[in-house]
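K.L.:
Pasting in a structure now, in structure tokens, and then I'll have a few things to ask.
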Amino acid sequence: MSSDRPTPYAPGTHLGARYVVEGLVRLAEGRMFYLVHDDRADFPHRTCQDCGRTDVSKDAKSCPNCGAPVAKRRYLVSVRWAPESIEPFERFAKANLRHPAMTSPTEVWREGHLLLSAVPYNGEALMLDEAAPLSNARILDLAQRLAGCLAFLHLRGVSLSEITRRNLLISQDTAVTLFDLDVAEVRPEPVPVPERQADVEALVALLQRYTNAAASDLIALMAQDPAFETPAAFGRAVESNYDRLAACAWGNHLASLSDVGLVRQLNEDNWGWRKLSERAALYVVADGMGGHDAGEVASALAVSTILSKAAEKEEAGLGGPERDDKLLAESFVAANNHIKESASARGSDMGTTMVCVLMVEGKKGYFGNVGDSRAYLLRKRALHQVSQDHSLVAKMVERGRLTQVEARHHPHSNILLRTVGTELDVEVDIFRVEFQSGDRILMCSDGLWGEVEDKDIENILNTYDDPRLAARELVRAAHAGGGKDNVTVMVVVVP
Ligand code: CA
């Protein structure tokens with residue numbers, strides 16, 4: 001593949017006409033982000049950023065020409081390599097558009113077959129590192145700002161090919177801006193409605209990922225049928241419902257974060273949550289597999305199907321005491337069969353793991369599992385694994401032929417004995433747990449537990465009571481352990 005991720009630049013590498021790499025900040029799907037500065041030791045002078053004068057003394061505090069302050073400046077530089085994304089982004093940069101909800105590049109240039117773009121760095125964070133959910137008020141603010149920016153771009157002929165977490169930058173005052181866009185086209189005339197609609201759908205899908213499972217009214221607004229035709233229509237709907245939706249109860253009881261890791265190029269993990277009714281909510285993590293993007297499709301399909309099937313069944317009154325385990329198992333199997341049928345239709349062998357918990361009245365949970373994503377319970381500061389892995393090495397451990405430590409490093413540790421979407425009517429493990437106050441649930445893909453030992457996971461959960469901080473720290477630990485796989489974590493605090 002010509003679009004493989006390039007070898008990272010080492011610290012000290014010179015980039016463009018004046019930048020020096022401080023370090024790699026983040027690997028993401030389709031991007032690398034670096035922190036750089038413009039204080040090259042081999043340059044005798046500085047360049048004034050305001051008037052462009054190139055011979056400003058390094059001792060000078062201000063430019064002798066225009067009086068602007070001159071000092072070493074830092075930038076966040078993004079590197080992209082997919083050939084189809086390069087030319088449209090160059091044309092977008094040339095148009096030099098400015099909007100308050102967008103951080104525009106100050107410089108865009110090529111290095112070989114790569115395209116680099118720089119934005120000034122003042123302690124901004126990447127949305128990639130921000131766990132879901134955000135508060136309703138923050139989602140609504142984001143929706144308004146980003147819909148406004150999208151409408152601005154559309155009017156100026158700019159359409160996007162996608163909008164993902166990597167296109168969002170968080171400033172120190174927590175304002176979020178679009179940056180480093182995935183531009184599809186730059187036209188001389190306004191973007192036609194079908195493409196506006198596609199962009200607003202992408203924006204809504206992104207916001208839905210950050211929405212609290214219990215925020216039913218907000219979720220309903222975003223999922224309205226027919227979908228919003230334009231960003232302006234979406235912005236108006238948010239505006240007119242702002243007070244009602246922002247006031248929706250918000251509990252700081254869950255967090256989810258999914259990350260591509262340090263080696264893979266694509267994130268094939270997925271997660272989702274849904275409040276099914278006043279009494280029940282379903283939380284899901286899935287880890288897809290299969291070449292050519294199929295893993296991503298399988299895991300997304302598994303999550304969306306189990307959530308919608310379970311919601312249908314709950315609405316039809318099929319849940320309740322003595323029936324919840326059946327509701328979960330049947331929804332699980334329905335998701336399995338849907339993937340199996342869709343894989344057969346595509347001629348693909350895609351599959352996924354899936355682990356989930358149906359939480360009922362905050363008192364008990366039904367855990368469902370197929371594959372080697374895991375559910376853990378943290379109770380009284382001790383971590384317990386609830387699910388059992390359906391892997392070859394787990395079976396060997398069970399039979400006493402391997403120790404846990406040997407299993408971790410076994411060459412066949414990735415061989416699964418049971419997956420979602422490979423056979424019709426898969427057998428699902430269901431575990432019932434009666435919750436105690438203070439229990440916390442962790443669900444994760446093997447990208448976490450394969451890199452971080454249980455005692456370290458336990459330690460992190462005990463150190464960070466706030467699930468958002470715990471999620472972020474768990475992903476960091478997976479990176480520190482090697483980051484060889486996609487990593488997804490979901491932390492749910494039992495009320
Ligand atoms: Ca995995």
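The values are calculated or read from the model by the stated rules, or taken from the named source; none is laboratory data. In this text the structure is predicted, and so the values were computed from the model without any measurement. Positions of Cβ are generated from backbone atoms using ideal geometry, with glycine treated the same way; all protein chains shown enter the neighbour counts.
K.L.:
When you go through E312, E296 one by one, which is the residue that is without any contact (Cβ under 8 Å) to a residue 40 or more places away in the chain, within 16 Å of the ligand (Cβ to nearest atom), over 21 Å from V491 (Cα atoms) and out of contact with any Phe, Trp or Tyr (no Cβ under 6 Å at 6 or more places or on another chain)?
P.N.:
Exactly one residue qualifies, and that residue is E296.
K.L.:
Within 20 Å of L221 (Cα to Cα) and either in contact (Cβ under 8 Å) with a residue 60 or more places away in the chain or surrounded by fewer than 21 Cβ atoms within 10 Å (Cβ to Cβ) (or both): does that describe Q172?
P.N.:
Here the answer is no, as Q172 does not meet what is asked.
K.L.:
Let me confirm something: among D456, D465, D425, which residue is in a loop (DSSP other than H, G, I, E, B) and touching a residue at least 12 places away in the same chain (Cβ under 8 Å)?
P.N.:
Testing whether each residue is in a loop (DSSP other than H, G, I, E, B) and touching a residue at least 12 places away in the same chain (Cβ under 8 Å) leaves just D425.
K.L.:
A further question on this structure: Among the residues of the stretch 241-280, write down those that are under 17 Å from the mean Cα position of the chain (by Cα), assigned to a loop (DSSP other than H, G, I, E, B) and under 20 Å from R440 (Cβ atoms).
P.N.:
Hits for the stretch 241-280: nothing passes.
K.L.:
Give the residue that is nearest to the ligand (Cβ to nearest atom), with candidates limited to residues of the stretch 470-481 that are in contact (Cβ under 8 Å) with a residue 24 or more places away in the chain and touching a helix residue (DSSP H, G or I) at 6+ places or on another chain (Cβ under 9 Å).
P.N.:
Top of the filtered list is A478.
K.L.:
From the list R196, R187, which one is modelled with pLDDT of 95 or more, crowded, with 17+ Cβ neighbours inside 10 Å, farther than 23 Å from V285 by Cα and among the basic types (K, R)?
P.N.:
After applying the criteria, what remains is R196.
K.L.:
Given the criterion in contact with a Leu (Cβ under 7 Å, 6 or more places away or on another chain) and surrounded by fewer than 19 Cβ atoms within 10 Å (Cβ to Cβ), identify the matching residue among E111, E84.
P.N.:
Of the residues listed, the single one that is in contact with a Leu (Cβ under 7 Å, 6 or more places away or on another chain) and surrounded by fewer than 19 Cβ atoms within 10 Å (Cβ to Cβ) is E111.
K.L.:
Can you tell me which residues in the stretch 1-40 are surrounded by 15 or more Cβ atoms within 10 Å (Cβ to Cβ) and of a type in the set (V, I, T)?
P.N.:
Once the filter is applied, which keeps residues that are surrounded by 15 or more Cβ atoms within 10 Å (Cβ to Cβ) and of a type in the set (V, I, T), the stretch 1-40 yields V20, V21, V25, V36.
K.L.:
Here's a follow-up. Touching a strand residue (DSSP E or B) at 6+ places or on another chain (Cβ under 7 Å), modelled with pLDDT of 95 or more and of a type in the set (S, T, N, Q): does that describe S387? First the steps, then the outcome.
P.N.:
On the way: touching a strand residue (DSSP E or B) at 6+ places or on another chain (Cβ under 7 Å): yes; modelled with pLDDT of 95 or more: yes; of a type in the set (S, T, N, Q): yes.
Considered against the rule, which asks whether it is touching a strand residue (DSSP E or B) at 6+ places or on another chain (Cβ under 7 Å), modelled with pLDDT of 95 or more and of a type in the set (S, T, N, Q), S387 comes out as yes.
K.L.:
How about the stretch 439-451: which of its residues are assigned to a loop (DSSP other than H, G, I, E, B) and more than 14 Å from L378 (Cβ to Cβ)?
P.N.:
Selection gives S445, G450, E451.
K.L.:
Hey, I430 hits all of (1) outside any helix (DSSP H, G or I); (2) in contact (Cβ under 8 Å) with a residue 40 or more places away in the chain; (3) within 16 Å of the ligand (Cβ to nearest atom) but one; which does it fall short on?
P.N.:
(3)
K.L.:
So which residues in the stretch 282-310 are over 11 Å from V420 (Cβ atoms) and either out of contact with any helix residue (DSSP H, G or I) (no Cβ under 9 Å at 6 or more places or on another chain) or of a type in the set (D, E) (or both), if there are any at all?
P.N.:
Y283, G291, H292, D293, G295, E296, A300, listed by residue number.
K.L.:
Can you tell me which residue among D324, D389, D372 is out of contact with any Cys (no Cβ under 7 Å at 6 or more places or on another chain) and either away from the ligand (no atom under 16 Å from the Cβ) or of a type in the set (K, R) (or both)?
P.N.:
None of the others qualify; the one that does is D324.
K.L.:
Considering the stretch 433-463 alone, what residues qualify as being within 16 Å of the ligand (Cβ to nearest atom), touching an Asp or Glu at 6+ places or on another chain (Cβ under 6 Å) and either under 22 Å from L358 (Cα atoms) or among the β-branched types (V, I, T) (or both)?
P.N.:
Those that are within 16 Å of the ligand (Cβ to nearest atom), touching an Asp or Glu at 6+ places or on another chain (Cβ under 6 Å) and either under 22 Å from L358 (Cα atoms) or among the β-branched types (V, I, T) (or both): S445, D446.
K.L.:
Being within 14 Å of the ligand (Cβ to nearest atom) and within 28 Å of E312 (Cβ to Cβ) is the filter here, so list the residues in the stretch 228-266 that pass it.
P.N.:
Result: S258, single match.
K.L.:
Another question about this same structure. Among (1) within 16 Å of the ligand (Cβ to nearest atom); (2) part of a loop (DSSP other than H, G, I, E, B); (3) crowded, with 18+ Cβ neighbours inside 10 Å; (4) not acidic (D, E), there is one condition K484 misses while meeting the rest; what is its number?
P.N.:
K484 satisfies all of (1) within 16 Å of the ligand (Cβ to nearest atom); (2) part of a loop (DSSP other than H, G, I, E, B); (3) crowded, with 18+ Cβ neighbours inside 10 Å; (4) not acidic (D, E) except (3).
K.L.:
Let me confirm something: among C63, C51, which residue is surrounded by 17 or more Cβ atoms within 10 Å (Cβ to Cβ) and either without any contact (Cβ under 8 Å) to a residue 40 or more places away in the chain or among the acidic types (D, E) (or both)?
P.N.:
C63
K.L.:
Being surrounded by fewer than 22 Cβ atoms within 10 Å (Cβ to Cβ), of a type outside the set (D, E, K, R) and within 23 Å of the chain's Cα centre (by Cα) narrows it down to one of V475, V493, V433, V489, so name that one.
P.N.:
Only one candidate qualifies: V493.
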